[in-house]
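Read-outs throughout are calculated quantities, based only on the coordinates presented, and are distinct from any laboratory measurement. Just so we're clear, the structure is a prediction, and the values are computed from it rather than from any experiment. Cβ atoms come from the backbone with ideal geometry, glycine included; neighbour counts cover every protein chain shown.
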Ligand code: CTP
C-alpha cells in the first residue's frame, strides 16, 4: 500500500521521538521513502545522524540553511512528498499548525504545503486535555488533517492518561489507510465492524458493562480501511481514538448496535468483534433507583439480540463474508467451532480471554482462525497485527 510512496516525516520534540525511528524502519520495510525533518526539540531526543541513517537521506533542520536552499528550497521540500507525517506532533507543533505560525522549518513546511498531513499527537495528558489543545485539534481536523492516536497509558512523566503517541504500527496502518483508500485490494468493498462493550442501563445513572477495550475491533477497522475498504465501525463506549479513514458510529446498548449495523447494510464483509452484553435489564428504571431502606432491588434480565447471528441469518442482504469472534476461557477451538455453526457465520476468530492471558484490555492477542474447512493457529501478535493479518486474509478471500 505504501510501496513507492514518498513520505516527509517531521519529528517533533517529545520523548516519543524515539518511536519515530522505528516508524521509519517500518515504512521503509514496506517500500516507502522517508525524508526526515527534525525540529530543534526533536533533536533533543533523537540525533540527526540516527534519523539520517534510517532514512538513508539527508535530514532537514534549518529554515535558513543556505546549502539546503541551494539543494532544495523549503517550499519544494514541503511539496515533494505524497503525505506529510508529524510524529510526534507536540502541543507546540499542533498550536503552530492551527495558528499558521511559520517560525521554524517544520511549521513553515506545514504552512507552505498543499500535501495532506497526518499527525500522531504525543504530550502530557494535561496538555492534551487543555482547552487550547482541544480547540487546536478541532481546528486541524476541520481543515482535513488526519489524526492517529494518542493512546491511553502510563506516561514518561509518571502520569497516566491520554497522550502516548500511537505505536509505530498503528501509524503505519493510518498511513496505509490514507493511501489504501486510493488503491488497496479492498477498494470498492464495503466493510462493517463492531467493537467495544455495550452498556445496558439499569437506571439513568447505572449500567451493566464488561471489560472490552475495543482495541481489537478498532484495529480491524483501521486495517480494512488501510486496504481500501469503505469501512463503518459501530462501537460501544471505548477510550480508543477513531481510526483514520473510518466512518465511526457510537452507540451504547446492544439494541442500538444492532440498529446501526442493520442501517449499515448492504456490506461485503461484517466482522463482529464487539463484546455485546448478552443480557439487559428487562425494564430499566426511568428514575434513579433509591436505597430507601427497603428491599433490595431485583434486576430481572432479558436476552439481547445476537447481532452476529442476525447478520449471518439475513435473507436478502446477508454480507458475503460474516466473521465472528469467540471469547473463550477453556477448550477454545472446540467451543469456537461450535459457535461458528450455531451463529451461522463463515469464520470465527477464537481467542482465549482467561484473566492470565491479559487479552481483555491488553495489546496482544493469540488467536485461531476457524473456518468451515480448517483451523489456523496464528502466533502471538499485537492486536494491530491481528487486525492487519485478518484484513489481508479477507482481501485474499475476495480475490480468490
Ligand atoms: N455477539 C453478538 N451479539 C450478541 C452476543 C455476541 O454479535 N448479543 C457476537 C460477538 O461480537 C462475537 C460472537 O458473537 O463475535 C461471540 O461472542 P461470545 O461472547 O464469545 O459468545 P456468546 O454469544 O456470548 O456465547 P457464550 O455465552 O456461549 O460464550
- Once Rh is set to the Kirkwood radius over Cα pairs, what Stokes-Einstein translational diffusion coefficient, in µm²/s, holds for the stretch 6-176 at a temperature of 4 °C and a viscosity of 1.567 mPa s? 82 µm²/s
- Message: What translational diffusion coefficient, to the nearest whole µm²/s, does the chain have by Stokes-Einstein, given a Kirkwood radius computed over alpha-carbon pairs, a temperature of 4 °C and 1.567 mPa s viscosity?
- Response: 57 µm²/s
- Potential lengthening between residue 15 and residue 255 on full extension [0.36 nm per residue; Cα-Cα distance subtracted]: 82.1 nm
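For each of 363, 356, count neighbouring Cβ atoms within 10 Å of the residue's Cβ, then give the residues from fewest to most.
Working: 363 18, 356 6.
Exposure proxy ranking, most exposed first: 356, 363.
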- Note on the structure: Assertion target for 249, 171, ordered by fewest C-beta neighbours within 10 angstrom first, is 249, 171
- Please give the length that would be gained between residue 400 and residue 329 if that part of the chain were fully extended, namely 0.36 nm times their separation in residues minus their C-alpha to C-alpha distance (nm, one decimal). 22.2 nm
- Item | the chain: antiparallel DSSP beta bridges as a percent of all, rounded to 5 | 30 percent
- Query: Order of 165, 1, 94 from fewest to most other C-beta atoms within 10 Å?
  - Reply: 1, 94, 165
- How would you order 135-141, 267-273, 103-109 from highest to lowest mean count of nearby Cβ atoms within 10 Å? 267-273, 103-109, 135-141
- Normalised by the number of residues in the stretch 6-176, what is the relative contact order in percent for Cα pairs under 8 Å and 6+ residues apart? 24 percent
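Divide by every residue of the chain the summed helix terms, -39500 (n - 2.57) for each DSSP H run of at least 4, and state the resulting mean residue ellipticity at 222 nm, rounded to the nearest 500 deg cm²/dmol.
Helix-only estimate at 222 nm: -10500 deg cm²/dmol.
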- Between the stretch 319-362 and the stretch 50-119, the alpha-carbon center distance in angstrom: 45 Å
- Message: Along the Cα→Cβ direction, 7 angstrom out, place labels at residue 62 and residue 372. What is the inter-label distance in nm?
- Response: 6.8 nm
- How big, on average over all directions, is the shadow cast by the Cα convex hull of the stretch 188-329, in nm²? 9.9 nm²
- Note on the structure: In nanometres, the difference between 0.36 nm per residue of separation and the alpha-carbon distance of residue 302 and residue 283 is 5.9 nm
- When only C-alpha pairs under 8 Å and at least 6 residues apart count, what is the relative contact order of the chain, in percent? 12 percent
